[in-house]
Amino acid sequence: MTRRVLITGASSGIGAEVAWLLQADGARVALNGRDEAALVAVAGESAISVPGPLDEPSERDRVVDQALAALGGLDALVLSAGYAAHAPFEVMSEAALRAQLEVNLVAPLLMVQRALPALREARGCVVFLGSTLVERPAPGTLGYTVAKAGLHAATRALAGELAPVRVNAIAPGVVDTPMIRAPRHGEDTDDVATRVEALRELHPLGLGEPADVAGAVRYLLDTRWLTGTVLTLDGGLTA
Ligand SMILES: NC(=O)c1ccc[n+]([C@@H]2O[C@H](COP(=O)([O-])OP(=O)(O)OC[C@H]3O[C@@H](n4cnc5c(N)ncnc54)[C@H](OP(=O)(O)O)[C@@H]3O)[C@@H](O)[C@H]2O)c1
């Protein structure tokens, strides 16, 4: 049967690559992001776009409901939307902390909850995008890292509670996407290039590419007896 998948963060980076790969496999996909033009560029002929901001509860619910209605059910939910506002802890604002928790933790959990009846009916699966920062924290990333830690914990907690719906996560090291090339607190373009090269040096296999992560997402979707696993995918960073 054709797999029906809702993918968030599909307008960029890892989510876009997941969308391409699953469409090439023959899946029917519903794609979420805020940048509608970028979603159109990712969408194949049978894809559905469900744009909208996931940090707004009513919009988030609408995105799930529209995707379920358009796909006629749901076999997999891939939650790749993510937001980083890295800054030293001492200058981290409450607004930035809350925004990172909302997009990276609250939104994915509540989207799973809303999609649960459909996922149960299909004995479907969930894939969260965590981070190696949970195991190997870096200065200035607290809001993002604690949100991802929540997803790692949720992966294990929900695997038992929601079975036979499967719940897994990928914890990538640094993957070369627009997220890592966005200037951080006080950085200029040269600083970004220097930081990215330093990050590359930390990974024995160099930086990851979105296709590396997309392949792992497909593995998690395909592997029937796998749940509650946070798959580290990091080019040897944490080895
Ligand atoms: N790149 C890495 O090194 C790395 C490492 C570990 C984990 N991750 C995780 O992997 C996932 C994908 O990251 P990426 O590197 O592919 O990042 P990216 O290229 O910056 O893409 C982020 C995606 O999230 C969407 N998004 C952000 N805020 C949103 C909001 N409020 N509402 C709806 N969509 C929102 C963006 O949509 P629009 O642009 O359309 O707004 C975009 O599609 C994220 O969860 C990230 O935390 C990335």
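Any read-out appearing in this document is the output of simple, stated calculations on the displayed coordinates, not a laboratory observation. No experiment lies behind these values; they were computed from the predicted model shown. Quick reminder, even Gly has a Cβ in these numbers, built from the backbone with ideal geometry, and neighbours come from all protein chains shown.
Under the simplified labelling scheme, the residue 193-residue 157 pair shows an inter-label distance of 4.5 nm, with each label point 7 Å from Cα along Cα→Cβ.
Placing a pseudo-label 7 Å from each Cα along the Cα-to-Cβ vector at residue 110 and residue 40 gives an inter-label distance of 3.0 nm. Taking other C-beta atoms within 10 Å as the exposure proxy, 86, 152 rank 152, 86 from fewest upward. A Förster radius of 25 Å combined with the Cβ-Cβ distance from residue 219 to residue 123 puts the calculated FRET efficiency at roughly 0.90. Cβ-Cβ distance of residue 182 and residue 205, R₀ of 30 Å, FRET efficiency by 1/(1 + (r/R0)^6): the value works out to about 0.80.
FRET efficiency for the residue 24 to residue 90 pair, using the beta carbon distance and R₀ = 45 Å, is estimated at 0.45. Of 8, 223, the sequence from fewest to most neighbouring Cβ atoms within 10 angstrom is 223, 8. So who's got an amide H within less than 5 Å of the one on residue 232, skipping anything under 5 residues away but keeping other chains? H placed 1.01 Å off N, in plane. Long-range HN contacts for residue 232: 171.
In the chain, helical runs assigned H by DSSP with n ≥ 4 each contribute -39500 (n - 2.57); averaged across all residues and rounded to the nearest 500, the mean residue ellipticity at 222 nm is -14500 deg cm²/dmol.
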